[in-house]
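A short worksheet on the structure shown next.
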Amino acid sequence: MKSTPLLAAALVAIPLTAALAQNETPAAGITAEQIVGARQSVMFLSGGHLTAMKVAVNAGADVRHLYASAMSLAVWARTLPTMFPANSNVPPTNARAEVWSDRAGFEAAATAYAEAANGLVAASLAGDPAVFLERFNEVRGACATCHAAYKND
C-alpha cells in the first residue's frame with residue numbers, strides 16, 4: 001500500500017501540531033482555516049487507510065503488511081486532540097461546538113480511538129487476521145462514536 005498521501009499530510013500536520021501544542025491558540029502565521037484543512041485532510045487519509053486495510057484483509061493479505069497503515073492511525077489518534085485548538089471552530093469545519101464545550105468528553109473519545117488504534121498496531125504485528133479484524137472493528141467503532149457526538153454530517 002502506498003503511504004505517500006499520508007506522509008505528505010504528516011509533513012504538514014507534524015509541524016502544525018507541534019506549534020499548536022505550545023498553547024491554546026493557533027500559532028502566528030497559521031490560520032484557523034489552515035488548521036481545519038489539515039485536520040480534514042488527515043481524517044480523509046485515515047478513512048482511506050481504513051478502507052484499504054479492510055479490502056486487504058478481505059482479500060486474505062498478510063496483516064503484518066498492514067502495520068504501517070495501522071501505525072499511521074495510531075500516530076494520528078495521539079495527535080488528534082491537538083488539532084482542535086480554541087478558535088478553530090471556523091468554516092469549513094464539520095466539528096460540532098461540543099468539541100470545545102465538552103472538551104473532557106472529546107478527549108476521552110480521542111483516547112478511546114488511540115487505544116483502539118494501538119490494539120490494531122499490536123494485532124498487525126501478531127499477524128492473526130481474526131484478531132486484526134476484531135481490532136479493526138474496534139477502531140471503526142471508536143471513530144463512529146466520536147463522530148456521532150462531535151461531528152456534523
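Number of residues in the stretch 18-50 that are aliphatic (A, V, I, L, M), at pLDDT 70 or above and open to solvent by less than 30 Å² (accessible area, probe 1.4 Å): the value is 6. Report whether or not residue 15 is surrounded by 15 or more Cβ atoms within 10 Å (Cβ to Cβ), at pLDDT below 95 and not charged (D, E, K, R). Spelling it out, it is not the case that residue 15 is surrounded by 15 or more Cβ atoms within 10 Å (Cβ to Cβ), at pLDDT below 95 and not charged (D, E, K, R). Here residue 51 meets each of (1) assigned to a helix (DSSP H, G or I); (2) of a type in the set (S, T, N, Q); (3) in contact with a helix residue (DSSP H, G or I) (Cβ under 7 Å, 6 or more places away or on another chain) with one exception, condition (3).
The values are calculated or read from the model by the stated rules, or taken from the named source; none is laboratory data. Predicted model only: the values in this text are computed from it and were never measured. Virtual Cβ from ideal backbone geometry, glycine too; neighbours counted across all protein chains shown. Surface areas here come from the heavy atoms of the whole protein model, side chains and all, with no ligands, DNA or RNA. Shrake-Rupley method; radii C 1.70, N 1.55, O 1.52, S 1.80 Å.
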